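Every number here is computed from the coordinates shown, using simple stated rules; none is lab data. Computed from a predicted structure; not experimentally measured. All Cβ positions, even for glycine, are placed from backbone atoms using ideal geometry, and neighbour counts span all protein chains on display.
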Amino acid sequence: MKRIQLLSGFQYTLPLLIGIAPFGMIYGVLAVKAGFPPAAAQAMSAILFAGSSQFMIVNLVAAGSPWLVVVLTAVVVNLRHALYSASLAPFLKHLPAGWKAVLAYVLVDEAYAVGIHHYEREGSAGHQHWFLLGSGLAVWVCWQASTALGIFLGAQIPAAWSLDFTLALTFIAIVVPGLKNRPLLLSAVTAAVTTVVAHPLPYKLGLILAALAGIAAGLWSERQ
Amino acid sequence: MTDFWLIILLAGGLTYAIRLSFIALHGRWQAPQWFVRALRYVPPAVLSAIILPELLVVDGQVLLSPINPRLLAGTAAILIAWRSRNVFLTIAGGMLFLYLFQFLLG
């Protein structure tokens with residue numbers, strides 16, 4: 001039963017790997033280009049295991065940003081995982097601390113999306129946490145392998161392929177269908193406009209400013 | 001020497017703490033209501049703030065112009081995502097439009 005859940009979680013996540021694999025590769029290529037030693041580039045994928053923030057970190061390091069700005073930006077980018085944590089918490093409350101620790105580690109966008117869908121359909125009785133683990137492991141293996149491939153291939157991937165554009169496209173695919181009401185839409189638009197206006201600021205500080213403006217706009221719009 | 005390892009360990013530790021937060025504290029601590037409400041706006045706000053520069057900034061400058069292939073392809077992808085709600089179609093369609101516009105405007 002546990003094995004079936006594990007494999008089933010793995011299987012449901014497979015289609016999403018098409019979006020993850022090119023990311024991981026481009027991340028590996030860019031990290032090495034930004035001066036990360038190969039071991040550090042791979043370690044970041046293993047320790048952070050958070051694609052979009054890893055892109056941001058590489059970008060900021062390449063631009064020579066101070067480490068505090070880099071860490072702060074990564075935290076803002078990953079703050080959305082608190083939402084995932086809050087939404088899964090009731091389904092995981094009966095698990096031992098070790099399980100919670102492992103499942104928190106694999107709680108990335110894709111595993112959350114597949115996992116919460118499963119929990120909302122099946123409830124939390126039985127071995128459902130093996131399903132979430134299977135989904136997380138699928139993303140994990142794909143992310144580590146594609147990072148390694150990117151580090152290995154390095155500069156051999158021509159810039160003309162514009163593979164870095166898949167980052168923006170994946171986020172568009174995640175964000176746009178979720179803009180279901182006025183506050184969410186206003187939040188996204190406000191953040192978008194702020195990030196463009198604030199672009200001349202150093203170290204991509206516009207990102208943090210835009211995130212705060214977007215959150216404020218959403219909360220304000222709720223009260224109208 | 002850049003602080004590669006310092007950045008990786010700090011950002012990694014904090015990211016893990018964020019993911020573990022509510023899972024570990026469930027039943028023992030209730031987050032304030034305003035905080036939970038604010039969290040809902042984090043994904044659209046943060047991800048939009050990442051997307052827009054990817055579409056608009058060319059060689060470090062904001063290029064708000066109909067001859068910017070990334071802006072055109074990104075707009076097409078937003079329409080595809082809105083209509084189809086399909087991740088794969090959005091990525092594949094966006095890349096095809098990017099290659100098309102790069103070819104036409106090249």
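Things worth noting here:
- Across peptide B:24-36, the mean count of Cβ atoms from other chains lying within 10 Å of each residue's own Cβ comes to 2.
- Each of B:Ser21, B:Leu105, B:Pro53 was placed along the dipole of chain B (beta-carbon charges, centred on the mean Cα), and the one lying farthest toward the positive end is B:Ser21.
- Per-residue ³J(HN,Hα) for segment B:78-90, Karplus 6.51 cos²θ - 1.76 cosθ + 1.60, θ = phi - 60°, Hz, x for Gly and Pro: 4, 5, 4, 5, 5, 6, 9, 6, 10, 5, 5, 4, 5
- 3J(HN,Hα) along segment B:60-76: x, 10, 6, 10, 8, 8, x, 9, 8, x, 5, 5, 5, 5, x, 4, 4 Hz, from the Karplus curve 6.51 cos²θ - 1.76 cosθ + 1.60 with θ = phi - 60°, whole Hz, x for Gly and Pro.
- The per residue volume of the convex hull around the alpha-carbon atoms of segment A:1-142 is 107 Å³.
- Between A:Ser162, A:Ala101, A:Ser187, the Cα set farthest toward the positive side of the dipole of chain A (charges on each charged residue's Cβ, about the Cα centre) is that of A:Ala101.
- GNM on chain B, alpha-carbon springs under 10 angstrom: the most fluctuating residue among B:Arg37, B:Arg28, B:Arg83 is B:Arg28.
- Here each label is just a point 7 Å from Cα along the line to Cβ, and for A:Leu149 and A:Lys33 those points are 1.8 nm apart.
- Shielding by partners, peptide A:204-214 (average Cβ within 10 angstrom, other chains): 4
- Since only A:Tyr12, A:Gln128, A:Gln54 are under comparison, the one whose Cα sits farthest along the positive direction of the charge dipole of the protein assembly as shown, derived from C-beta charges on Lys, Arg, Asp and Glu, is A:Gln128.
- Averaging 1/r over every pair of different alpha carbons in segment B:31-105 and inverting the result gives a Kirkwood radius of 13.9 Å.
- For B:Val58, the residues 5 or more places off, or on other chains, whose built amide H falls under 5 Å of its own are B:Leu63.
- Under a model in which nothing but the beta-carbon of Lys, Arg (+1) and Asp, Glu (-1) is charged, segment B:1-95 shows a dipole of about 520 debye around its Cα centre.
- Over the Cα atoms of the protein assembly as shown, the radius of gyration divided by the Kirkwood radius equals 0.95; this is the Rg/Rh ratio.
- Percent RCO, i.e. relative contact order, over segment B:31-105, from Cα pairs under 8 Å lying at least 6 residues apart: 23
- GNM remark for chain A: springs join alpha carbons under 10 Å apart, and the peak mean-square fluctuation among A:Gln11, A:Gln156, A:Gln54 falls on A:Gln156.
- Neighbour count of at most 12 Cβ within 10 Å plus DSSP loop: longest trypsin sites (Lys or Arg not before Pro)-free window in chain A: A:1-92
- Sorted on the mean count of surrounding Cβ atoms within 10 Å across their residues, most packed first, peptides B:97-104, A:208-215, B:8-15 read A:208-215, B:8-15, B:97-104.
- For chain A, modelled as a GNM whose springs connect Cα atoms under 10 angstrom apart, the maximal fluctuation among A:Ser124, A:Ser53, A:Ser135 occurs at A:Ser124.
- Each residue of segment A:169-184 is assigned a 3J(HN,Hα), and the resulting list reads 5, 5, 5, 4, 5, 7, 7, 4, x, x, 7, 8, 9, 4, x, 5 Hz, derived from the Karplus form 6.51 cos²θ - 1.76 cosθ + 1.60 (θ = phi - 60°), x at Gly and Pro.
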